[in-house]
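Peer 1: Take a look at this one; I'll ask things after.
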Amino acid sequence: MTTTEHHVEPSVEELFDDTIAADQRIEPRDWMPDAYRATLIRQIAQHAHSEIIGMQPEGNWILRAPSLRRKAILLAKVQDEAGHGLYLYAAAETLGVDRAELTEKLINGKQKYSSIFNYPALSYADIGVIGWLVDGAAICNQVPLCRCSYGPYARAMIRVCKEESFHQRQGYELLMTMMRGTEAQREMVQESTNRWWWPSLMMFGPPDGDSPNTQQSMAWGIKRHTNDELRQRFVDMTVPQAAALGVALPDPDLRWNPERGKHDYGEPDWTEFKAVITGGGPCNAQRIAHRRAAHDNGGWVREAASVYAEKQAARASGGGRATA
Ligand code: FAQ
């Protein structure tokens, strides 16, 4: 076939921009700007670390669950969080980083994880409230990430969100059961809600005016909504759930605004948020010490697994010949 037209191949930058503009996915082998790659590594690593550190507050209650049924449910939930961490580390690895390197950065305080996991779980009502509010906030934040422009992250999020929905339901069901119980149980649920409400709102990140990453992440289709948009969505979703449960949300400024068609709500304590994300929260030191000890204790497993993998590779490179 001949043609008289002069065909100019688009540059890799143009291909990237066109893919983002067409709302299609960038895949690991596609060219991408260094800053896009770095932003994804930062966010996915933080997300993976959050899932793994997030096992600690709830894991602490497995041996003290009030019944075999509650124990089985909690065990399954905590195992799911480990699985989410693995999907996310695997997604980060498609960007050219190594899981071991990310773990080193976590335990050396060079990478962050979600502020929420630096608060302690003090009663069994906290198990219900973590499911209801923390997983509820996680779902609100993560459902739009199923449409993230980076394919491996978006696909991991689809699976994660399905499991988080189960987590949210189990928390709500536990709280419903407690609210049908004794006065003391109802007080436990209210006390727990009072402690977790404001930290749950902080999970969405700083207010839009103080969020250095949002604008660029939205232009790249990594984030689909601003932090404040998602926080508002969470408040509007949670108010009727609290009413159905019969608990009060601890915010005197919380009320329906008919003009906005949304709830008005009070300002979280952003000084506390900054302290928590820079290492000064109630449990930061404990969480990292625990993770570091688990990493050190698992050293022999990693060593055994890598020796096994090396032997398998050596056998394969021997041409598949049978060895005596
Ligand atoms: N905690 O410019 P932005 C779960 C940092 S759910 C700590 O707004 P960005 C499920 C931020 O990294 C929890 N740090 O940042 C579960 C940045 O610092 P950097 C995990 C925070 O990235 C349930 C700086 O502040 N979910 O694990 C927080 O555009 C129950 C400026 O902020 C995800 O990670 C915070 N809350 O937006 C597990 C979701 N907020 O990196 C177990 C994916 C902000 O420049 C049990 N991530 N920072 O040093 C995201 O959607 C985003 O990364 C945001 C932050 C929205 C968290």
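The values are calculated or read from the model by the stated rules, or taken from the named source; none is laboratory data. Predicted, not measured: the structure shown is a model, and the values here were computed from it. Quick reminder, even Gly has a Cβ in these numbers, built from the backbone with ideal geometry, and neighbours come from all protein chains shown. Heads up: the accessible areas ignore ligands, DNA and RNA and are worked out on the full protein's heavy atoms, side chains in. Shrake-Rupley method; radii C 1.70, N 1.55, O 1.52, S 1.80 Å.
Peer 1: Name the long-range amide H neighbours of LYS262: under 5 Å, sequence gap of 5 or more, or other chain; modelled H, no Pro or chain starts.
Peer 2: So LYS262 has HN proximity to ASN257.
Peer 1: Follow-up. Considering only DSSP states other than H, G, I, E and B, which trypsin sites (Lys or Arg not before Pro) in the range 232-267 qualify as loop sites with at most 16 other Cβ atoms within 10 Å?
Peer 2: Qualifying residues, ordered by number: ARG260.
Peer 1: What nm distance separates the two modelled labels at ALA76 and GLU183, each placed 7 Å from Cα along Cα→Cβ?
Peer 2: Once both label points are built, they end up 3.6 nm from each other.
Peer 1: Which whole-angstrom value gives the distance between the alpha carbon centres of the range 270-308 and the range 231-245?
Peer 2: Cα centroid to Cα centroid, the span is 32 Å.
Peer 1: Follow-up. Once phi is turned into ³J(HN,Hα) by the Karplus curve 6.51 cos²θ - 1.76 cosθ + 1.60 with θ = phi - 60°, what whole-Hz value does each residue of the range 233-242 show in order, with x for glycine and proline?
Peer 2: 4, 5, 4, 4, 6, 7, 4, x, 5, 5
Peer 1: Applying a 10 Å radius around every beta-carbon, put 265-274, 306-315 in order of their mean neighbour count, most first.
Peer 2: For the peptides 265-274, 306-315, the packing ranking is 265-274, 306-315.
Peer 1: What is the calculated FRET efficiency for GLU229 to ASP34, with r their C-beta to C-beta distance and R₀ = 22 Å, to the nearest 0.05?
Peer 2: The computed FRET efficiency comes out at 0.20.
Peer 1: On to the next question. Leaving out ligands, DNA and RNA, what percent of the accessible area of the range 48-102 is carbon and sulfur, probe 1.4 Å? Working shown, then result.
Peer 2: Values: 1450 of 2310 Å².
Reported share for carbon and sulfur atoms: 63 percent.
Peer 1: Further question: Provide the FRET efficiency to the nearest 0.05 for the VAL307-ARG260 pair, computing r from the beta carbons and using R0 = 41 Å.
Peer 2: Calculated transfer efficiency: 0.10.
Peer 1: With each run of n ≥ 4 DSSP H residues scored as -39500 (n - 2.57), what mean residue ellipticity at 222 nm is computed for the chain after dividing by its residue count and rounding to the nearest 500 deg cm²/dmol?
Peer 2: -19500 deg cm²/dmol
Peer 1: Then there is this: Label point 7 Å out from HIS295 along Cα-to-Cβ: which residues of the range 94-138 have amide N under 17 Å?
Peer 2: 97-114
Peer 1: Right, here's the next one. State in Å² the accessible area per residue of the chain; use a 1.4 Å probe, count heavy atoms of protein chains only, and round to the nearest integer.
Peer 2: Details: 17100 Å² over 324 residues.
Normalised by residue count, the accessible surface of the chain is 53 Å².
Peer 1: For TYR150, which sequence-distant residues (separation of 5 or more, or a different chain) have an amide H within less than 5 Å of its own amide H, given hydrogens modelled in the peptide plane?
Peer 2: Under 5 Å from the amide H of TYR150 lie the amide H atoms of ILE26, each far enough along the sequence or on another chain.
Peer 1: Which FRET efficiency value, to the nearest 0.05, is calculated for ARG147 and LEU122 with the Förster distance at 35 angstrom and r the Cβ-Cβ distance?
Peer 2: For ARG147 and LEU122, the calculated efficiency is 0.45.
Peer 1: Restricting to Cα atoms and excluding each atom paired with itself, what does the Kirkwood estimate give for the range 163-293 in Å?
Peer 2: Result for the range 163-293 stands at 17.1 Å.
Peer 1: With each pseudo-label sitting 7 Å past Cα toward Cβ, what's the ARG64-SER11 distance in nm, one decimal?
Peer 2: 6.0
Peer 1: Next question. Using a 1.4 Å probe, how large is the accessible area of ILE62, given in Å² and rounded to the nearest 10?
Peer 2: About 30 Å², ignoring ligands and nucleic acids.
Peer 1: Short version: ³J(HN,Hα) in whole Hz for each residue of the range 82-88, in order, from phi by Karplus 6.51 cos²θ - 1.76 cosθ + 1.60 (θ = phi - 60°), x for Gly and Pro, what are they?
Peer 2: Using θ = phi - 60°, the values come out as 4, x, 4, x, 5, 4, 6 Hz.
Peer 1: Which ³J(HN,Hα) values in Hz, rounded to whole numbers, follow from the phi angles of the range 184-192 under the Karplus curve 6.51 cos²θ - 1.76 cosθ + 1.60, where θ = phi - 60° and Gly and Pro get x?
Peer 2: Rounded to whole hertz, the list is 4, 5, 4, 5, 4, 5, 5, 4, 5.
Peer 1: A follow-up question, please. May I ask you to list the trypsin sites (Lys or Arg not before Pro) in the range 176-215 that are in a DSSP loop and have at most 16 other Cβ atoms within 10 Å of their Cβ?
Peer 2: On the way: sites: ARG180, ARG186, ARG195; in loops: ARG180.
Those that pass, being in a loop and sparsely packed, are ARG180.
Peer 1: Okay, moving on. Can you work out the base-10 log of I(q)/I(0) for the range 40-109 at q = 0.13 1/Å, using the Debye formula on its C-alpha atoms alone?
Peer 2: -0.42
Peer 1: Right, here's the next one. Just check the chain against the gyration tensor rule for me: Cα atoms, a ≥ b ≥ c as the square roots of the eigenvalues, rounded for a/c under 1.5, and otherwise prolate or oblate depending on whether a/b exceeds b/c. Write out the running numbers ahead of the final one.
Peer 2: Working: a/c = 2.15, a/b = 1.29, b/c = 1.67.
Because a/c hits 1.5 or more and a/b fails to exceed b/c, the chain counts as oblate.
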